[in-house]
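To start, the structure under review is shown below, and the notes come after it.
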Amino acid sequence: MTRARLHLRTSAVRARNSAALISLIGCCSVALAACSDNGSTDSNAKGTSSPSASASSTPAESTVSPSVDPGAPIETAYRKYWDEKVAAYAKASVKGTDLKKYAVAEAYSAAETEVNALKTKGLVATGKPVLAPKVTAVDTKRQVPQGSLTDCTDVSQWKLVKQASGEKVTLPKGRLTKYVTKVVAEKWYGHWVIVRVTPEEQAC
């Protein structure tokens with residue numbers, strides 16, 4: 001019962017805060033955006049082969065590790081994820097973008113679902129969000145290295161318009177336009193990817 005309530009709450013939070021898109025696109029996409037967490041156990045296990053295979057590079061990395069920010073690649077992956085997500089929303093299609101390169105599992109499924117919902121409604125997004133990510137944890141000792149990140153996501157300049165006419169879509173006045181986003185990243189096949197992005201019902 002608790003898991004069911006948590007799932008419903010996550011769906012509601014995504015509906016209010018995920019770039020203010022779901023609230024306009026329609027409540028039918030709320031459930032879709034939150035229901036496709038494919039779990040990544042098998043893929044993750046395969047992804048660990050790359051770091052172990054490149055063991056020869058480990059000593060070189062360890063010699064410079066004191067001066068290297070271990071969270072920097074995670075932040076870079078997150079920003080790249082947003083670059084590709086913005087590009088997909090700008091044309092209501094993930095085709096021709098590198099979204100799959102930076103987003104996997106739930107993060108990719110949610111973005112693809114929302115993009116498809118935009119396409120169905122004949123909408124696209126212009127502008128882009130302002131990000132303020134901060135890496136909060138990095139664990140490279142796991143079989144699949146994992147990191148977490150917290151962002152203050154400002155979507156006030158990310159606007160929805162009708163694709164055919166360019167006419168602006170009026171957004172609900174009470175919506176959050178600057179909110180906390182929790183992010184989980186993992187290192188797959190030698191590079192960091194975004195696994196889960198959870199907008200929270202919390203202003204920042």
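The values are calculated or read from the model by the stated rules, or taken from the named source; none is laboratory data. Remember, it's a predicted structure, so these values are computed and weren't measured experimentally. Cβ sites come from the backbone with ideal geometry, for glycine too, and all protein chains shown count toward neighbours. With ligands, DNA and RNA removed, areas are computed over all heavy atoms of the protein, side chains included. Shrake-Rupley method; radii C 1.70, N 1.55, O 1.52, S 1.80 Å.
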#### Entry: region 85-204, accessible surface, carbon-and-sulfur percent (1.4 angstrom probe)
49 percent
### Task
Past 22 Å, Cα to Cα, is the threshold; run Lys91/Lys173; Lys95/Lys121; Lys91/Lys187; Lys85/Lys121 against it and keep the listed order.
Lys91/Lys173; Lys91/Lys187
### Summary
With a Förster distance of 25 angstrom and the Cβ-Cβ distance between Thr136 and Tyr189, calculated FRET efficiency to the nearest 0.05 equals 0.55
### Nearest-10 value in Å² for the accessible area of Val130, using the 1.4 Å probe
80 Å²
### Query
If the chain between Val161 and Lys91 were fully stretched, how many nm would it gain, using 0.36 nm times the residue separation less the Cα-Cα distance?
24.1 nm
### Message
Modelling each spin label as a point 7 Å along the Cα-to-Cβ direction, I'd like the Asp98/Thr170 distance in nm, to one decimal.
### Response
4.1 nm
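With viscosity set to 0.692 mPa s and temperature to 37 °C, compute the Stokes-Einstein D of region 125-200, Rh being the Kirkwood radius across alpha carbon pairs; µm²/s, no decimals.
227 µm²/s
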